[in-house]
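Everything below concerns the one structure shown next.
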Amino acid sequence: MTTYLFPKAERDALPESTSIHQFNPKAIRQVRTLTELAGLDRIGLHVVRVTQGHESTEHHTHDNDEEFLVILAGRGIAVIGDERHEVAAGDIMAFPVGSPAHALNNPHEEDLVYVMGGERNKNDVVHYPNIERSMVKTGNRRYWTDWKHQHELPKKF
């Protein structure tokens, strides 16, 4: 059964799952996923909680997926490219394809809570500049490589 409305009390009653980023052990998120409940196929929709001292993800950018975040509660530090920005409840971040690498961390005692949404394209390349790594998502499989092992092909005209 598809749900079209997620009142706060009902949303807060959904079970949380713990998500640890595959390339960043400090990126630990508590996630309530609304995607399937809402019947969404092309975008993911999640309520995320990051506790003190943790990060949302590894600093990254996408070649094909757009994403956004809306801060619901708490405060955090958004790292966008080389810049750091204090964010708080009510702030919105949007990352179209080609945007700078980004991540979010919570150095504060209060939990940082936000809505995260984004495309779920079957094919995407995610780049992690701080660790010089890229991940290729194709169909239901994911592959990664360190940049030092990548070789650029010559351009053919």
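The values are calculated or read from the model by the stated rules, or taken from the named source; none is laboratory data. Bear in mind that the values here come from a model prediction, so they are computed numbers and not experimental data. When we count neighbours, we look across all protein chains shown, and the Cβ atoms used for this are built from the backbone with ideal geometry, even at glycine. Areas reflect the complete protein model, heavy atoms only, side chains present, ligands, DNA and RNA absent. Shrake-Rupley method; radii C 1.70, N 1.55, O 1.52, S 1.80 Å.
Taking the protein heavy atoms of region 8-157 in the context of the full set of protein chains, the accessible area attributed to carbon and sulfur is 52 percent at 1.4 Å. Tally Lys/Arg at +1 and Asp/Glu at -1 over every other residue whose Cβ is under 12 Å from the Cβ of H46; what's the total? Local net charge: +2.
Free of any GluC sites (Glu not before Pro) that DSSP assigns to a loop and that have at most 15 other C-beta atoms within 10 Å, the longest stretch within the chain is 37-108. Each principal axis of the Cα cloud of region 1-93 was evaluated for its coordinate range; sorted largest first, these ranges are 43, 30, 25 Å. Taking 0.36 nm per residue of sequence separation and removing the Cα-Cα distance, the T3/R142 pair yields an extension gain of 47.0 nm. Annotation: region 69-149 has a Kirkwood hydrodynamic radius of 14.4 angstrom, from the mean reciprocal C-alpha pair distance. Solvent-accessible surface of the chain, averaged per residue with a 1.4 angstrom probe and all protein chains in place: 63 square angstrom. Both the radius of gyration and Dmax for the chain are 16.5, 59 Å, in that order, over alpha-carbon atoms.
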